[in-house]
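These notes concern the structure reproduced below.
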Amino acid sequence: MAEPLDHLQRLESEAIHILREVVAEAERPVMLYSIGKDSAAMAHLAKKAFYPAKPPFPLLHIDTTWKFQAMYAMRDQVAQSGEFELLVYKNKEAEARGINPFDHGAALHTELWKTEGLKQALDLYGFDAAFGGARRDEEKSRAKERIISVRSANHRWDPKSQRPELWRLYNAARGPGETLRAFPLSNWTERDVWRYIQREGIEVAPLYFAAERPVVVRDGGLIMVDDHRMRLGPGETPQRLKVRFRTLGCYPLSGAVESEAETLEQMLAEMDRSQTSERQGRLIDHDAAASMERKKVEGYF
Amino acid sequence: MTDQPKSLLRFLTCGSVDDGKSTLIGRLLYDAGCVYDDHSAALAADSKTVGTRGGELDFALLVDGLSAEREQGITIDVAYRYFETAQRKFIVADAPGHEQYTRNMVTGASTADLAILLIDARKGVLAQTRRHALLVHLLGVRHVVLAVNKMDLVQWDETVFNNVSQSFSEVAQRIGLAAPVAIPLAAPQGDNVVKRSTHAPWYAGPTLLDYLNRVEVETDSALAQPLRLPVQTVLRPHLDFRGFAGMVAAGEVRPGQEVRLAPSGARTRIARLVDTDQDLQVGVAGQSVTVTFTDDVDCARGEVICAASDPCEAADQFDAHLVWMSDAPLLPGRPYGFKLGAQKVSAQVTDIRHKLNVNSMERWAAKTLELNEIGLVSLALDRPIAFAPYEQNKDLGGFILIDRIAQTTVAAGMIRFALRRAHNIHWQALDISREKRAAAMGQRPAVIWLTGLSGAGKSTIANILEKKLFAEGKKTLILDGDNIRHGLNKDLGFSDADRVENIRRVAEVARLMTDAGLIVIVSFISPFRSERDLARRLMAEGEFFEVFIDTPLEAAERRDVKGLYSKARSGQLKHFTGVSSPYEPPEAPDLRIETERLAPDQAADLILDMLANARQAGEA
């Protein structure tokens, strides 16, 4: 008799099962692509799930115009690979008003570019199911999230109307106007994602590995000066430190950590020694008024 | 923490907050080194301000992010936590113990390999413990750990521990649960959770984490069974390739293997197990794979690829345990969506054998199931599906019921056995077909279904309509709500369940009459969309016409021809549609008649026009 599966193989099989199930039941699915490590793992799973066919959905990047240069380079590379159709959407209103994290604060910046941008893009293309890379271990309030979650016609998340989820059986039926969010990586931890990236040799943005980068210390975090738009406060002088990022987002809102880990192996070893949650570096979560719960109700992924 | 391959263990924790469940989970996470430094710092701070342990670390706070949410009225079914040791990764399903308990626990138990039942050493085995044990057994969780907590509060007395584990063993035996392992522990101090307690020299067994690390759950009695591979989707990148993708539910799949499809019965052989780099040589239970066949056989989503020597059964009637999960009660006879694996059909509960009292374990007679109730029921599907008893295979024996209108999941079910094999039943073929009967009548049969509030004018319009049809030489019959309730349906009352059965019978009778070639006018309040849809599905295509006799409630009440509204308002009549029982107006009727604007005679003419138009459209 063959060997039973190890835990990464079981997580991989579960994610592929979820991808196939949603594709079978939805009319027009899409995969959200944030260019981070979770997106990289999800896109890889999508290739595996439908091989030798091309994944039967496009990737959608909700662009805020404030991502790291290296992320845009990575995105262009994925687009040119021809393995996926890649859509990029920018909220026109946020673009016209020049919404940015410096003048408008992290909360408004995120709401307009990401939350509103996502809703607009879903409506524009008529997508009825969207895959996201969220994991339950990221944050306490996500621990109870469903793998498949129903959103009302105006994309709101009604915590009272979520469906019980048993076995590997997902109810993907939708009423008029309702759409789905599906999270194939729900049961993965940060460490699982990295181990999978390592095992499968998946390419990720170089920002995850330590290199000398120009940073300033702000609110106890290290913020990278990624382009000329970065505004320096009084007394802030960029210095070159060897840093890496655990999560990637808009560069003015993403905190780096000092690190010597230049490879995936070194990084996993470093994770074993120091244990902080990856969300520590994410400034939007510290914004007192913006709890994850509230953002979700409004339609943040 | 090494990065060697690890196995995965999913477990469920059962017990209320008072038993120290959150503290136990928090302690496991903390002692296994799986709490991030920033979360630990927050824990230390929170323990001082809101902790219940006088400033010492309150481990419950690590997992208790739920109280605020409860205040906001957010339903929490199950919260999932993750931790790992050198050997294993663990997924913990934590079902909070409040009034929704059955639904939550059943959800958490559905994916668990093992359950930890938490008991307060001072209280011993309670009704709650029996309930947990029963649900764990019902959901087929194979391993049970009895965690006898708060041993410090009984001075680590060996007799207390022995008494508790003894009385639980008796409960387990009665239920049919496999022999549980009992561990004495004190969660806040971590005694026997991860570190061996120095207070219980009399206990020689493993600590909780030791046990979790070592227990053999190889999920996978499923591995040793014959192949079952439910097809989720068919991949057709180009004309020369057809791949069948799905997760292996049991056994192994290999190239060259002879297989048989269920329920279709086709036979073929596995050609390849396709993967991105190179083909696989084997796929095992729990693995997502894509296979191709050596022959060009039909195989769609929902088919199950089986070992040819031992294929799946197919059936359309089952006995099953049902856990009701919706605020609206089960209505026997109502059609619900039914999903098992990738198979979706329509199902009705035809009989409730009994419902189970989870506290006393008694069986009670029941006409319906309410939220959180569990029953043994008979189900009839509209076509056969491939299945296995739940006991044998959860993927092929576990199903959900879906409300056809709200699309919500209303129940979870576990198949016990098929009531009859689908391949043994055949419709009796009739020599005189319905077409011949209709031709002999010189008319096309039809059902004109008048729905609307009591007093809307349904009977009046039905009478005029029938006279006009009769005058044209048509053969007709009226089925009237009041009349049928005096005869065929005199055993039925006005509860929601009886209303569903009332309509089901009338729809069946109407169908028989269309088989005989008649034009049937049905005049029934028929308040629920689901049953009107059921009636529509029973009839032949193009022979069912739903006519909404639309009268505002105020108008019907003002007319009150039979004096029923005033009785209902004064409470003399219960379950009266529009007053104390809902009416669901049709969303897309074939015809809507506003009685405030049209006389009954005009209404009847409109219906005749509708029929004539439909005939023309049908002939065109």
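The values are calculated or read from the model by the stated rules, or taken from the named source; none is laboratory data. Just so it is clear, the structure is predicted and the values come from calculations on it, not from any experiment. A quick note on method: Cβ atoms are made from the backbone with ideal geometry, for glycine too, and the neighbour counts reach across all protein chains shown. Surface areas here come from the heavy atoms of the whole protein model, side chains and all, with no ligands, DNA or RNA. Shrake-Rupley method; radii C 1.70, N 1.55, O 1.52, S 1.80 Å.
Hey, got a sec? Which trypsin sites (Lys or Arg not before Pro) in region B:228-275 land in a DSSP loop and have at most 10 other Cβ atoms within 10 Å?
none
Per residue of A:167-177, count partner chain C-beta atoms within 10 Å of its C-beta, then hand back the mean as an integer.
Other-chain Cβ atoms within 10 Å of each residue's Cβ, averaged: 6.
What full-extension length gain, to one decimal in nm, is calculated for A:A269 and A:D123 as 0.36 nm per residue of separation minus the Cα-Cα distance?
This chain segment gains 48.2 nm when fully extended.
Under a straight-distance cross-link criterion of Cα-Cα below 17 Å, which lysines are reachable from B:K355, leaving out those fewer than 8 residues away in the same chain?
B:K367
I need the shape label for region A:177-265. Rule: rounded when a/c is under 1.5, else prolate if a/b > b/c, else oblate, with a, b, c from the alpha carbon gyration tensor.
oblate
Are there chymotrypsin sites (Phe, Trp or Tyr not before Pro) in region B:126-205 that DSSP marks as loop and that have at most 13 other Cβ atoms within 10 Å, and which are they?
B:W202
Under 5 Å between amide H atoms, partner at least 5 residues away or on a different chain: which partners does B:D351 have, H built in plane at 1.01 Å?
It is B:S378, by chain and number.
Roughly speaking, what is the stretch gain from B:K562 to B:K574, that is 0.36 nm per residue apart minus the C-alpha to C-alpha distance, in nm to one decimal?
Gain on stretching B:K562 to B:K574: 2.8 nm.
Looking at region B:525-620, which GluC sites (Glu not before Pro) are DSSP coil and have at most 16 other C-beta atoms within 10 Å of their C-beta?
Of the GluC sites (Glu not before Pro), the ones in loops of region B:525-620 whose Cβ has at most 16 other Cβ atoms within 10 Å are B:E541, B:E587, B:E596.
If I model a spin label at B:A127 and B:K195 as a point 7 Å from the Cα along the Cα→Cβ vector, what separation in nanometres do I get?
Output for this residue pair reads 4.0 nm.
Of B:G578, B:A182, B:A262, which is farthest along the charge dipole of chain B in the positive direction, counting Lys and Arg as +1 and Asp and Glu as -1 at C-beta?
B:G578
By DSSP, what percent of the beta bridges with both residues in chain B are antiparallel, rounded to the nearest 5?
65
Could you provide, to the nearest whole Å², the per residue accessible area of region A:8-154 with probe 1.4 Å?
Heavy-atom SASA per residue in region A:8-154 reads 33 Å².
Residue by residue, what Karplus-based ³J(HN,Hα) values in Hz, rounded to whole numbers, does region A:174-189 have, using 6.51, -1.76 and 1.60 with θ = phi - 60° and x for Gly and Pro?
10, x, x, x, 6, 10, 10, 10, 10, 10, x, 9, 3, 8, 8, 9
Share of antiparallel DSSP beta bridges in the protein assembly as shown, in percent to the nearest 5?
So the antiparallel bridges amount to about 65 percent of the total.
Where Lys and Arg each count +1 and Asp and Glu each count -1, what net charge lies around B:P255 among other residues with Cβ under 9 Å from its Cβ?
Residues near B:P255 contribute +2 overall.
In whole Hz, with x marking every Gly and Pro, tabulate ³J(HN,Hα) for region B:340-352 from phi via Karplus 6.51 cos²θ - 1.76 cosθ + 1.60, θ = phi - 60°.
9, x, 9, 9, 10, 9, 10, 9, 10, 7, 9, 7, 9
Please get the size of the charge dipole for region A:216-268, origin at its Cα centre, with Cβ charges of +1 on Lys and Arg and -1 on Asp and Glu, quoted in debye to the nearest 20.
Computed charge dipole of region A:216-268: roughly 180 debye.
Compute for chains B and A the buried accessible surface, both sides summed, probe 1.4 Å, and express it in Å² to the nearest 100.
6100
What is the local net charge at B:V160, summed over the other residues whose Cβ is closer than 12 Å to its Cβ (Lys, Arg +1; Asp, Glu -1)?
-1
Given the Cα-Cα distance of B:R353 and B:A612 and 0.36 nm per residue of separation, how much length would full extension add, in nm?
Residue separation times 0.36 nm, minus the Cα-Cα distance, leaves 88.5 nm.
Given the peptides B:140-150, B:188-198, arrange them by the average over their residues of other C-beta atoms within 10 Å, most packed first.
B:140-150, B:188-198
With all distinct Cα pairs included, what does the Kirkwood hydrodynamic radius of the protein assembly as shown come out to in Å, to one decimal, could you say?
31.0
Partner chain Cβ atoms within 10 Å, averaged over the residues of B:282-291 - can you pull that number for me?
6
Take the eigenvalues of the Cα gyration tensor for chain A, scale each by 5, and report the square roots as semi-axes in whole Å, largest first.
30, 24, 18
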